[in-house]
Amino acid sequence: MKLDNIGDAVVSSAVFAGIGLAVFAIAFWVMTKLAPFSVKKEIEEDQNVALAIIMAGVIIGVSLIISSAIAGG
């Protein structure tokens with residue numbers, strides 16, 4: 001691999017990481033705004049494990065979508 005290609009790969013990886021983090025942040029913000037209750041209060045104070053598992057599932061789903069988009073498949 002040439003040095004120019006490595007630099008291009010680093011730049012494109014950084015761009016995809018930035019876009020992925022932005023999409024992840026937007027998805028998390030939408031989840032918290034659509035919930036009719038305080039997500040932070042439910043998970044931290046009330047120890048709502050079911051909500052935490054659902055949020056983790058959504059986060060993993062968004063992460064898989066982003067990784068597939070990056071991979072091109």
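Of all residues in segment 15-73 being of a type in the set (F, W, Y) and in a helix (DSSP H, G or I), which is surrounded by the fewest Cβ atoms within 10 Å (Cβ to Cβ)?
Checking each candidate, the answer is W29.
Report yes if S12 is closer than 19 Å to G72 by Cβ, loosely packed, with under 13 Cβ neighbours inside 10 Å and without any contact (Cβ under 8 Å) to a residue 40 or more places away in the chain, otherwise no. Give the steps one after another, and end with the answer.
On the way: closer than 19 Å to G72 by Cβ: yes; loosely packed, with under 13 Cβ neighbours inside 10 Å: yes; without any contact (Cβ under 8 Å) to a residue 40 or more places away in the chain: yes.
Against the criterion (closer than 19 Å to G72 by Cβ, loosely packed, with under 13 Cβ neighbours inside 10 Å and without any contact (Cβ under 8 Å) to a residue 40 or more places away in the chain), S12 qualifies.
Every number in this text was worked out from the coordinates using simple rules, so none of it is lab data. It should be emphasised that the depicted structure is a prediction, and the values quoted were computed from it without experimental measurement. Every residue, glycine as well, gets a Cβ built from its backbone with ideal geometry; the counts of neighbours run over all protein chains shown.
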